[in-house]
There are 4 protein chains.
Amino acid sequence: MSDRISGILTPNITPVDAAGRVDEERLRGYVDWLIDRGVDGLYPNGSTGEFVRFTAEERRRIVEVVVQQADGRVPILAGAAEANVKETIDACETYGAMGVRAVAIVAPFYYRLSAEGVYAYFREIADAVSVDVTLYNIPLFASPIDVGTVIRLASECPRVVGIKDSSGDLPNMMRMIAAIRPMRDDFTFLTGWDAALVPMLIVGADGGTNATSGVVPELTRAIHRSVVAGNIPEAMRLQYQLLPLFDAMISLGEFPEGFRAGARSRGWNLGPGRVPLSESQRDAVSRTQREIDALVAEVADLDESLVLPPETIEKIVQRVMRQLGSA
Amino acid sequence: MSDRISGILTPNITPVDAAGRVDEERLRGYVDWLIDRGVDGLYPNGSTGEFVRFTAEERRRIVEVVVQQADGRVPILAGAAEANVKETIDACETYGAMGVRAVAIVAPFYYRLSAEGVYAYFREIADAVSVDVTLYNIPLFASPIDVGTVIRLASECPRVVGIKDSSGDLPNMMRMIAAIRPMRDDFTFLTGWDAALVPMLIVGADGGTNATSGVVPELTRAIHRSVVAGNIPEAMRLQYQLLPLFDAMISLGEFPEGFRAGARSRGWNLGPGRVPLSESQRDAVSRTQREIDALVAEVADLDESLVLPPETIEKIVQRVMRQLGSA
Amino acid sequence: MSDRISGILTPNITPVDAAGRVDEERLRGYVDWLIDRGVDGLYPNGSTGEFVRFTAEERRRIVEVVVQQADGRVPILAGAAEANVKETIDACETYGAMGVRAVAIVAPFYYRLSAEGVYAYFREIADAVSVDVTLYNIPLFASPIDVGTVIRLASECPRVVGIKDSSGDLPNMMRMIAAIRPMRDDFTFLTGWDAALVPMLIVGADGGTNATSGVVPELTRAIHRSVVAGNIPEAMRLQYQLLPLFDAMISLGEFPEGFRAGARSRGWNLGPGRVPLSESQRDAVSRTQREIDALVAEVADLDESLVLPPETIEKIVQRVMRQLGSA
Amino acid sequence: MSDRISGILTPNITPVDAAGRVDEERLRGYVDWLIDRGVDGLYPNGSTGEFVRFTAEERRRIVEVVVQQADGRVPILAGAAEANVKETIDACETYGAMGVRAVAIVAPFYYRLSAEGVYAYFREIADAVSVDVTLYNIPLFASPIDVGTVIRLASECPRVVGIKDSSGDLPNMMRMIAAIRPMRDDFTFLTGWDAALVPMLIVGADGGTNATSGVVPELTRAIHRSVVAGNIPEAMRLQYQLLPLFDAMISLGEFPEGFRAGARSRGWNLGPGRVPLSESQRDAVSRTQREIDALVAEVADLDESLVLPPETIEKIVQRVMRQLGSA
């Protein structure tokens, strides 16, 4: 095993105050809460963090606050996509200097670039920066980074150290792992598709950057630990609990409004988000809050059963890692 | 556990002779070979069997031959979709009388029906027939049978005993299992998406109807048995072997031409299929045959290691079924 | 000018009786009515005719009845797609012997063929038949026949004499016309997308095969004649009347149920179609009948104005052209 | 007739210098050239202007330079979409103060908003600004603004004065015109889909914002003037000339690289754009430049014929109308 990025990293919601400004105090508190609950890392300026709805200055400040508050307790993966290559490279270097473990860069969006264009974009960035880069593939929102392009970049660019894939395409995850792992032991595979977290981990992903981990970090942690421990039935039992909660949150209002509702169920009022909702949407959010409260409460009840003593887990982990390693 | 349809059922290719007619002799031989190699059932007139490219009379004869030849050794799931509800019901009753375990009915194709229309179609059939029916969801080719419709039909129609899902949508498989299993212990979930066979089985599918099982039945059988035995690392190792072979066959010529090439690698010349290929496509098939031969040969080498004594498997199965059952 | 197929050909609904059988009497009456109302041809076994929901025998009988009843008054374009190339060629020859002007063959459906596969399919048919063939492109339902493939077939196959395009892609229609018209003066371009009939005619299409012409043949005829006469403002005025009627019919129940409702508004009860509707769908059809009656009545009122003396039309045209000009 | 925005407005490319900075000098020259060539307006910060690849500060400066240079000769439509509602409103007010005729605001991108969310977004902006707003619908790149939402905003928001639609959906354009024109005579319909410019104008659009007008402004002007003059055959003849040039430019490299190549054919080196190209893409651009030169030259040769005396045109029209009529 290498020092690959692994486990569950939270793409944290960005708290805003009543005036719509970044609520730094609340962000610091939320970071502490997540770390206390066992997340393996934080991922500011992800899609859940609504990075495109903040200004370049705000994005920098968000990373700065998260890095400061985490204070080395967990690694930080910072979303660094900006308007163009030059701005993105500048952001990468800034975040690198702040001490992030790596940056995550989504493929260009708005325009749909060809595979060649996506390659050229990442190649130019990877050749210029001095921080580790993870590719962020989310074809629903941005130009797809196809399997061939990931393999090409992995083989040409030492600075590209991983892929965060939110496509939910399980066979593609396998295709990437099959092609890249033999040549790059340091390359990390992360999934952003919470609805298939266990299957993705079973096929070999190192971890996930999952929006639900910002709401029920105990559950996503337990899922990851169960798979690492080789306890697939338990992992699947938990995955089946995660799914209805994920479904309820993903389908509420505009993304990531449902996850803000989920955070409220845990006592975190992180504000209303940066996209306006219509009256009927606001009504729907209000009406659904109780349903989400109930789903979250169900999951919270699980927590006790998940707290195995660390040394037991460690042993299990060692054994299963060997098994999984030979897969 | 109930008497659910389970394991790997082969959606068998339909052999044709040089004149393009159904080659009944070869079909009988192929059926024997598949049963000898351990498939858990046969599925004539599936998509791999090119059902739409045969006439109504040919489709009936194909099922008849397969049922006769199998002679009770394995259950038969017969594709029964015809031009309209009345014709489909007639086919269902004919196949029921022949002794098939169940029929599989694809949602109406060509026109894309609404969820209501798909429901009405299956409801009318289910109310009329005296044979068990499995729904066949393949949104790439036919009207999608959405999760809500499957649940609605499962709760209203005792005759609907299963879903064969080729969408590859893992979270949807979980959503169906979560909703239907508590009310219908007899309801079968089968996956037709070979590239994610292991993950589908892990989330709770009972088995698969997989085109690759017509080429490497030993491998798909071993995959199913490994998951049932709770040996997930082994199952994943095999899944990783299946994937490049599946990718090579699915992308060759027009579907299911690549699977015919795969069968040739095993010594089965099942003829050229019922869709014409252009000269450049025929060239590609010729050129790729050797690559497919090599991929098939690699998998064949595995076979020895897979032959555990039955009693050992049985014990493992019992234990793991209890575990999986509680998932 | 050649003897290209032109004008508005009606893809006629197939009347069925209470028992669901083809209602030949009513079909004959409907054919007469359509011809009396001025349609330029008939197109049995089109998508509106639900060809896939009838048996091979029924399809033959439908064409036979239409050819007999039309009795040379208008040309017949017969849908001839069957389960495979051999069956399709047989149907082509049968229809040719019956005296149809040409056959229309949809690209293979269910499976989505590649451009090469689509080419190979039509090439094999075109080389074998002795009747004129029109390609039928309807990418919503069947494998797309892309622009390059149409051009390739037009340049290689004298028997391929036209394209019936229901994609609604106006620039693609222009691309085909630009490439093919210079080399094939006998090649016909027909549009099946009623919502853009006038624009398609303006860019150079020879006519249309439009489902609405089975409901308001006077209107589609008037549209075609207005464009031919160069009276674009009048044509556009009529197109604006066609659109809400088309929208209402296309969105009702399952296609072509709404067009059956439209026919009922004209006094033609052509039966319930061959796909079952759910109770809520049947309710919707009942509730919407009055709305469709009203839309049809509006168009019927127009009829008088359509036989205005030419000099009156000329004046109107001049005035409207000025209005359009200042818009 | 009202004072609707009409005619052809150029979504101008943003010139960059060798260092990748906005080349203000060249932008001024290009603005002059376009106005001299007869464009009816300019549209900085459109998709062709790569607005998302510039910083907020650069976008402001680009509008400022264009407004100053145009100096009232033609109206300016300024792209004003920023990271969020607040920033967008600020940009609107800034551009209003600069004297733009209106702003154009694309629906939120990256995330795909629901119809309700799109409505809420534009409603909040429209209620806050003191400048006229045009909606910019480009479903290929951003959340779709569906027909119902456009109608809803048109009926509720006096500040919303138009729609710039780049979907290319002709029937939808008709649906919007049919619903909105009766209640809002001041509402402008512009098309951004060059490949169907003439048909869009014929169905009633007031004009277009067309990337090709930045390369061959004479041609797009002639097209618009021909339709306004009621000379549809001439307009269609020109549309057929525009199409291959548009096709060549749209398919070259990453958008809008092909249009930069087109501008080079006219003598305007506007720099390499803000997205990196791979080596093979740069090669393709070089190789294709000559082809684009030729297509542009063909169109340039037309210019003379476009200033024919009206009586000559009239004769040509009559003749071509007859030809079209007999087609």
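The values are calculated or read from the model by the stated rules, or taken from the named source; none is laboratory data. This one's a predicted model, so the numbers in the text were calculated from it and none came from an experiment. All Cβ positions, glycine included, derive from the backbone under ideal geometry; neighbour counts span all protein chains shown. Protein only, heavy atoms only, side chains kept; ligands, DNA and RNA dropped before computing areas. Shrake-Rupley method; radii C 1.70, N 1.55, O 1.52, S 1.80 Å.
Okay, here's what the table says:
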| quantity | calculated |
| --- | --- |
| Any hit, region C:28-41, residues being crowded, with 22+ Cβ neighbours inside 10 Å and of a type in the set (Phe, Trp, Tyr) | yes |
| Residues satisfying the stated conditions in region D:15-60, i.e. away from chain A (no Cβ under 14 Å), touching a strand residue (DSSP E or B) at 6+ places or on another chain (Cβ under 8 Å) and among the charged types (D, E, K, R) | D:23, D:40 |
| Failed criterion for residue C:195 (all others in (1) within 16 Å of the chain's Cα centre (by Cα); (2) open to solvent by 10 Å² or more (accessible area, probe 1.4 Å) hold) | (2) |
| Yes/no for residue D:264 being modelled with pLDDT under 95, of a type outside the set (Gly, Ala, Ser) and open to solvent by 60 Å² or more (accessible area, probe 1.4 Å) | no |
| Test for residue C:94: is it of a type in the set (S, T, N, Q) and farther than 27 Å from residue B:143 by Cβ | yes |
| Residue selected from region B:61-99 under the condition more than 17 Å from residue B:125 (Cα to Cα) and open to solvent by less than 30 Å² (accessible area, probe 1.4 Å), by the criterion farthest from the other protein chains (Cβ to nearest Cβ) | B:74 |
| Qualifying residue in region A:170-192 (condition: closer than 16 Å to residue B:171 by Cβ and among the aromatic types (Phe, Trp, Tyr)) | no |
| Residue list for region A:8-52, restricted to those being assigned to a loop (DSSP other than H, G, I, E, B) and of a type in the set (Gly, Ala, Ser) | A:18, A:19, A:20, A:38, A:46, A:47, A:49 |
| Residue satisfying condition, being charged (D, E, K, R), outside any helix (DSSP H, G or I) and within 24 Å of residue A:87 (Cα to Cα), within set D:82, D:64, D:57, D:87 | D:82 |
| Selection count where residues are within 13 Å of residue C:16 (Cα to Cα) and open to solvent by 30 Å² or more (accessible area, probe 1.4 Å), scope region C:48-58 | 1 |
| Qualifying residue in region D:271-282 (condition: hydrophobic (A, V, I, L, M, F, W, C), open to solvent by 10 Å² or more (accessible area, probe 1.4 Å), away from chain A (no Cβ under 14 Å) and at negative phi) | no |
| Index of the failed condition, residue C:298 passing every other in (1) within 14 Å of another protein chain (Cβ to nearest Cβ); (2) closer than 17 Å to residue C:239 by Cα; (3) modelled with pLDDT of 95 or more | (3) |
| Residue identified as free of Cβ contacts under 8 Å to residues at least 40 places away in the same chain, in a helix (DSSP H, G or I) and of a type outside the set (A, V, I, L, M, F, W, C) among D:253, D:258, D:267 | D:258 |
| The lone exception for residue C:87 - which of (1) more than 23 Å from residue C:188 (Cα to Cα); (2) touching a Pro at 6+ places or on another chain (Cβ under 8 Å) it fails | (2) |
| Qualifying residue in region B:246-262 (condition: within 25 Å of residue B:15 (Cα to Cα), in contact with a Phe, Trp or Tyr (Cβ under 6 Å, 6 or more places away or on another chain), away from every other protein chain (no Cβ under 11 Å) and among the hydrophobic types (A, V, I, L, M, F, W, C)) | yes |
| Test: residue in region A:275-282 that is farther than 24 Å from residue A:226 by Cα, out of contact with any Pro (no Cβ under 9 Å at 6 or more places or on another chain) and among the aliphatic types (A, V, I, L, M) | yes |
| Filtered residue count, region D:32-83, keeping only those that are more than 18 Å from residue D:192 (Cα to Cα) and of a type in the set (Phe, Trp, Tyr) | 2 |
| Qualifying residue in region C:203-213 (condition: part of a helix (DSSP H, G or I), in contact with a Pro (Cβ under 9 Å, 6 or more places away or on another chain) and either open to solvent by less than 10 Å² (accessible area, probe 1.4 Å) or facing chain D (nearest Cβ under 10 Å) (or both)) | yes |
| Pair list, Cβ under 7 Å, 6 or more apart: region A:89-103 residue closer than 14 Å to residue A:72 by Cα, other residue open to solvent by less than 50 Å² (accessible area, probe 1.4 Å) and among the hydroxyl-bearing types (Ser, Thr, Tyr) | A:102/A:134 |
| Selection count, region B:221-233, where residues are open to solvent by less than 40 Å² (accessible area, probe 1.4 Å), out of contact with any Gly (no Cβ under 7 Å at 6 or more places or on another chain), touching a residue at least 12 places away in the same chain (Cβ under 8 Å) and part of a helix (DSSP H, G or I) | 6 |
